[in-house]
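Only the coordinates and a few stated rules stand behind these numbers; no lab work does. This one's a predicted model, so the numbers in the text were calculated from it and none came from an experiment. Cβ sites come from the backbone with ideal geometry, for glycine too, and all protein chains shown count toward neighbours.
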Amino acid sequence: MAISTLVFGGGQIHDWRAVQPPVVSALEADGGFDITTAQEDLSILEGDGLAPYAALVFHYTIGEITDAQRDGLSSWLAAGGGYVGIHSAADSFRDDPDYKNLVGGHFITHPRYREYQVSVADPDHAIMDGVDEEFMVTDEQYILDYDPRVHVLANALYKGQLAPVAWTKPHGAGRVFYLALGHDGPACEHAMFARMLVNGTRWAGSPDA
């Protein structure tokens, strides 16, 4: 049965309009998702607005979230939903600590857009199925302040220290998958990005699996 999935984009700074098409294309190519897209209007997070969906793929930057919107997202997730945050999802709603806790971390800084190596930390996790254990990307590397309890799936080096590229965490009965890759359209067309996105959305949207 296809996983009912909402792909939501919006916000400032990042070109979400260029990100959404390759994200949707990767999920469509898999054939395992029933996809709805939405943009900008965060009111869909309120109340039971997310009830039709098993997974939310979220690529948004900055902005402000109301208590009703954040609580709606949190309640849906805690009841068994699946949240997939792409790149700038860790730089949304900077003034809301509860949202940061939901994601598992938040953006601090980034070096210049460049080529760098990603190394898989947990090759046995379902999200890493079919992902090369080391691969190069050309992307904006996000450096994040993150909860040490998250389960890191992949890392990259930054100033000689490991910086997480992907992680998972629980939120009540729900699942969170955060992927720091995906700054722009070309970055989202990378085969390993697409693989982790598809695997991660399936994992997040199937909490009983």
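Quick notes on this one:
- In the list (1) 180; (2) 105; (3) 114, the label attached to volume of the Cα convex hull per residue in Å³ as derived from the coordinates here is (2).
- Looking at segment 3-204, the DSSP beta bridges with both ends there are about 50 percent antiparallel.
- Selection from V131, S119, H183 lying farthest towards where the dipole of segment 3-204 points positive, charges on Cβ: S119
- Under 5 Å, built H, 5+ apart or other chain: amide partners of G85: F58, F177, Y178, L179
- Residue among Q20, H151, G85 farthest towards the positive dipole end of segment 3-204, charges placed on Cβ: H151
- Distance from segment 1-67 to segment 129-204 (C-alpha centre basis), Å: 17
- Counting only Cβ charges, +1 for Lys and Arg and -1 for Asp and Glu, the dipole size of the chain around its Cα centre is about 300 debye.
- Placing a label point 7 Å from the Cα of K159 along the Cα-to-Cβ direction, the residues of segment 109-134 with a backbone N closer than 11 Å are 109-111.
- Scanning the chain for trypsin sites (Lys or Arg not before Pro) in DSSP loops with at most 10 neighbouring Cβ atoms within 10 Å leaves 1-111 as the longest stretch between them.
- Vicinal HN-Hα couplings computed from phi for segment 105-121 (Karplus, 6.51 cos²θ - 1.76 cosθ + 1.60; Hz; Gly/Pro x): x, 8, 5, 10, 7, 8, x, 4, 4, 7, 8, 8, 9, 10, 10, 6, 9
- Amide H within-cut-off set for V131, under 5 Å, with H built and near neighbours excluded: none
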